[in-house]
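Chemist: Let me begin by handing over the structure; questions about it come next.
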Amino acid sequence: MSSQDSGSAGGLTLQRGGEEVLLVKVSDRFTTQLTSPDAITSLQAVLEPLAVRPVGRGQLAEWTIAPQRLEACLAQARTQPTVQFASHVYQLVASPHTLIYLTDQITVQFTPHLSRTQGTAIAESVGLAEVRALSGIPNTFVYCVTAQATENPIKIANRLMARSEVLTAEPNVVIETAGLYRPQDALYTQQWHLNATRSSDVKADADISVEQAWDITRGSRSIVVAVSDDGFDLAHPDLQGRGKIVAPQDLKSRDAVPLPMDTEDNHGTSCAGLAIGEENQSGIVGVAPGCSFMPIRTTGFLDDESIEGIFRWAMEKGAAVISCSWAPATINFSLSLAQRNILTQAATQGRGGK
């Protein structure tokens with residue numbers, strides 16, 4: 001038996017692709033890595049699980065246990081000679097249906113000038129043994145967790161990341177595959193621009209392939225989308241949500257309440273919904289439902305000061321995206337020097353210059 005999972009019932013941070021992902025334990029299951037697939041039968045007799053199934057390439061077994069028995073059964077599994085490794089199962093806080101299964105491997109990239117001997121010493125100090133060098137990335141190695149380890153692979157990786165000699169430390173985790181993400185909002189099947197394959201009125205695949213993008217991200221509140229338009233129904237359910245609305249501004253009324261003033265002022269609400277409509281199992285859903293929303297009501301007229309007001313407000317308040325679904329009431333009307341200047345500033349200095 002190798003690693004002991006000493007994590008608390010609270011969150012645990014997984015280092016993944018240069019980002020930090022928050023995990024929590026699943027209350028009714030754990031995994032084991034066995035000496036052979038045949039060992040699962042004898043272990044079933046010992047643990048008496050509610051269910052058991054293979055995970056990954058078959059190297060792991062997932063055990064479903066009544067929550068009140070979980071910790072005792074996990075401790076018992078770790079004492080069995082056929083169990084090489086045992087760990088809690090975790091789930092993503094941001095996506096609870098996504099389960100994370102730990103293996104006994106960690107990939108570590110050291111700084112370029114660290115010798116292999118020095119790297120080995122660092123790895124051994126936290127209970128790791130080298131499996132192989134990772135081809136294609138200098139000074140990078142795959143390690144396995146040994147019986148000398150006192151923490152689970154996630155905690156070991158986080159401990160290594162705190163060292164100046166380590167550039168990256170990532171545990172090898174198993175995630176079950178799934179079909180492309182589809183929201184449950186009631187009108188989603190009618191949003192042909194997002195999901196053309198489910199409509200008989202438009203050409204198949206005429207959508208923007210958003211479901212493939214959603215498997216990567218659906219946005220986050222840290223990404224602010226500014227929409228400047230004729231006013232916004234801020235009480236609309238698809239524009240609601242904790243942390244959804246940030247830094248609202250009405251440049252026409254000169255206050256922080258950019259609501260529609262006339263019955264014709266519905267363009268802004270529609271455009272905002274298209275961009276960031278909240279995923280709430282009702283109505284529509286936007287392209288980036290997880291993003292926050294900065295509503296900016298325009299004056300209805302375009303001059304240097306009004307254009308500067310829109311973009312300067314968005315820049316100063318942290319907008320990452322600025323949406324402007326309007327134009328001068330003419331086919332061709334060139335931007336002034338001042339307008340070009342503020343647009344250039346937004347492009348080069350917005351998002352902290354990124």
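Where a number appears in this text, it was derived from the coordinates with a stated rule and is not lab data. Worth saying up front: this structure is predicted, and the values here are computed from it rather than measured. Neighbour counts run over all protein chains shown; Cβ positions are idealised from the backbone, glycine included.
Chemist: Under 25 Å from the Cα of LYS25, which lysines turn up, not counting those fewer than eight places away in the same chain?
Modeler: Qualifying lysines at Cα under 25 Å: LYS155.
Chemist: In vacuum, with every alpha carbon of segment 65-107 counted as one equal point scatterer, what does the Debye formula give for log10 I(q)/I(0) at q = 0.26 Å⁻¹? Two decimals, please.
Modeler: -1.01
Chemist: If you don't mind, there's one more thing I want to ask. Would you work out which of THR140, ILE223, GLY273 lies farthest towards the positive end of the dipole of the chain? Charges go on Cβ: Lys and Arg +1, Asp and Glu -1.
Modeler: THR140
Chemist: If you don't mind, another one. Ignoring chymotrypsin sites (Phe, Trp or Tyr not before Pro) that are buried or in helix or strand per DSSP, and keeping those with at most 11 other beta carbon atoms within 10 Å, what is the longest stretch of the chain between them?
Modeler: That would be 1-300.
Chemist: If the cut-off is a Cα-Cα distance under 20 Å, which aspartates and glutamates reach LYS252, setting aside same-chain residues fewer than 8 apart in sequence?
Modeler: ASP229, ASP230, ASP233, ASP262, GLU264, ASP265, ASP303, ASP304, GLU305, GLU308, GLU316
Chemist: Mind checking which lysines have their Cα closer than 24 Å to the Cα of LYS354? Skip sequence neighbours fewer than 8 apart in that chain.
Modeler: Cross-link targets: LYS244, LYS317.
Chemist: If you line up the Cα atoms of segment 27-177 on their principal axes, what length do they span on each, largest first, in Å?
Modeler: For segment 27-177, the Cα extents along the three principal axes come out at 51, 36, 25 Å.
Chemist: May I ask for the angle, rounded to the nearest 10°, between helix 337-353 and the longest principal axis of the chain, with both axes built from Cα atoms and the value confined to 0 to 90°?
Modeler: The two axes meet at around 10 degrees.
Chemist: Right, here's the next one. Over the Cα atoms of segment 217-353, Rg to Rh with Kirkwood Rh, two decimal places?
Modeler: 0.96
Chemist: Still on this model: Kindly provide the GluC sites (Glu not before Pro) of segment 253-289 that DSSP labels as loop, not H, G, I, E or B, and whose Cβ sees at most 13 other Cβ atoms within 10 Å.
Modeler: GLU264
Chemist: As I understand it, the dipole of the chain uses +1 on the Cβ of Lys and Arg and -1 on the Cβ of Asp and Glu, about the Cα centre. Which of SER115, THR348, SER282 lies farthest toward its positive end?
Modeler: Projecting each Cα onto the dipole axis, the largest value belongs to SER115.
Chemist: Please work out the C-alpha center-to-center distance from segment 233-257 to segment 50-107 and express it in whole Å.
Modeler: 45
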